[in-house]
Amino acid sequence: PRGQAPRGLVAFWRTHPVYMLLAALVALATLNVRLAPLRVSPAAMMAGRGFGRAANPGGTGQPKKKPSKPSSKRRGRAPPRQKIGSLEAKLLQEHAASCAAAEATFAVCASDGDGEYAAGWTAHPVPAGAVSETLYSADQPLLLESEGPLLSESECGALTNAMLLHGAAGGWDSRYPLAGYTREVKVSDMPAALEMLNGALRSTLLPAAASAFGLDASHLRVNEALVVQYDAASGHNALPIHRDFSLLTMNVALSPSDSYAGGGTWFEHSGETLVCERGGALLHAGGLPHCGVPVTRGVRHLLVLFLLAAPLPLLAGRLQAIGAAAGTKPQFFSQP
């Protein structure tokens, strides 16, 4: 039957016990050799290691350690240089590009100098923390009013006429398409006006702005230059409260103050409205919140210069400009 040993084999083992003993010893020896590679020390078994691995030649039962890879960190090596964040790097690149574009269009002073303006400036107080940029010195006045004209009567008239002719022929800038906003034209779109402005930038405007703020005139760049119109009859007569993307903003009055009613530049920190006579200017930190007060009668024209300084990138101001472009709602000044 299945599962029983053959009778002849059983009888052989019974009659030859010595052979049976020798066969048993050979079988035990063979089994011992096969199990040797799987032996594990009691310590390794308690630690849960060594199963399925050959024991060490030393008999410790510990698995062989893999050779460690050489570490990338070496003692004595200087720490890696701190990299500029991707956002900061992008802002710095944009600043460099803005300065390069300004140099290609507008005049740059070859060296520092006082220029032709000598009448001086009146400072208006501004509280600490009114602007987010930290590029201004603690004792630097951030809002100045000129005590004399920076442009002549003829220069003011030429810029105004160029703006009116350009607007009539080619339309106004579409930056402010809504009712209530001013009309404007870029000076760079008016070749004759640009040539005249570049002469005034070198001789008067840039040296005067640099001297008032303790800067080197050769570092200033005109990021944009606009002739702006506030017109009561058309309804394009005001600008909402805003901050400029500039280190400095210069507003030069092109119209006599008696040719319009209302108007002026209102500053949020003081609630004060400032109006300049023709050729006179306001010079202020671009980050000061301000607005263009509605003109209620007549027409008011301004030359507005947005100035950057090549060695002083506006990181906070550039971020604010990005936020404004994303859709900040305008706020209009209401005269009491």
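The values are calculated or read from the model by the stated rules, or taken from the named source; none is laboratory data. Nothing here was measured: the structure is a model prediction, and the numbers come from that model. Cβ placement follows ideal geometry from the backbone for every residue including glycine, while neighbour counts extend to all protein chains displayed. We work out accessible area using only protein heavy atoms, side chains counted, and drop any ligands, DNA or RNA first. Shrake-Rupley method; radii C 1.70, N 1.55, O 1.52, S 1.80 Å.
Each row is one residue, and each column tells you yes or no for (1) at positive phi; (2) part of a strand (DSSP E or B); (3) of a type in the set (D, E, K, R).
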site	(1), (2), (3)
GLU277	no, no, yes
LEU282	no, yes, no
LEU288	no, no, no
CYS291	no, yes, no
ARG297	no, yes, yes
LEU303	no, yes, no
PHE306	no, yes, no
ALA316	no, no, no
GLN320	no, no, no
Worksheet entry | Any pair with Cβ under 9 angstrom, 6 or more apart, that starts in the range 301-312 at a residue that is under 29 Å from GLU153 (Cβ atoms) and ends at one that is among the basic types (Lys, Arg) and at pLDDT 95 or above | LEU307/ARG221
Practice prompt. Answer yes or no: is there a residue in the range 181-193 that is touching a residue at least 12 places away in the same chain (Cβ under 8 Å), of a type outside the set (D, E, K, R) and under 24 Å from GLU94 (Cβ atoms).
Written response: yes
Practice prompt. Answer yes if at least one residue in the range 126-144 is touching a residue at least 40 places away in the same chain (Cβ under 8 Å), open to solvent by less than 20 Å² (accessible area, probe 1.4 Å) and not in a loop (DSSP other than H, G, I, E, B), and no otherwise.
Written response: yes
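For (1) more than 13 Å from ARG300 (Cβ to Cβ); (2) free of Cβ contacts under 8 Å to residues at least 40 places away in the same chain; (3) of a type in the set (Phe, Trp, Tyr), each residue gets a yes or a no:
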residue	(1), (2), (3)
ASN237	no, no, no
SER246	yes, no, no
THR249	yes, no, no
ALA253	no, no, no
PRO256	no, yes, no
SER259	no, no, no
GLY264	no, yes, no
PHE267	yes, no, yes
GLU272	yes, no, no
Discussion item. Quick check on the range 168-185: of everything there that is in contact with a strand residue (DSSP E or B) (Cβ under 6 Å, 6 or more places away or on another chain), modelled with pLDDT of 85 or more and not β-branched (Val, Ile, Thr), which residue is least open to solvent (accessible area, probe 1.4 Å)?
Written reply: GLU184
Worksheet, complete the sentence: The condition of being open to solvent by 80 Å² or more (accessible area, probe 1.4 Å), modelled with pLDDT under 90 and assigned to a loop (DSSP other than H, G, I, E, B) holds, among PRO67, PRO63, only for PRO67
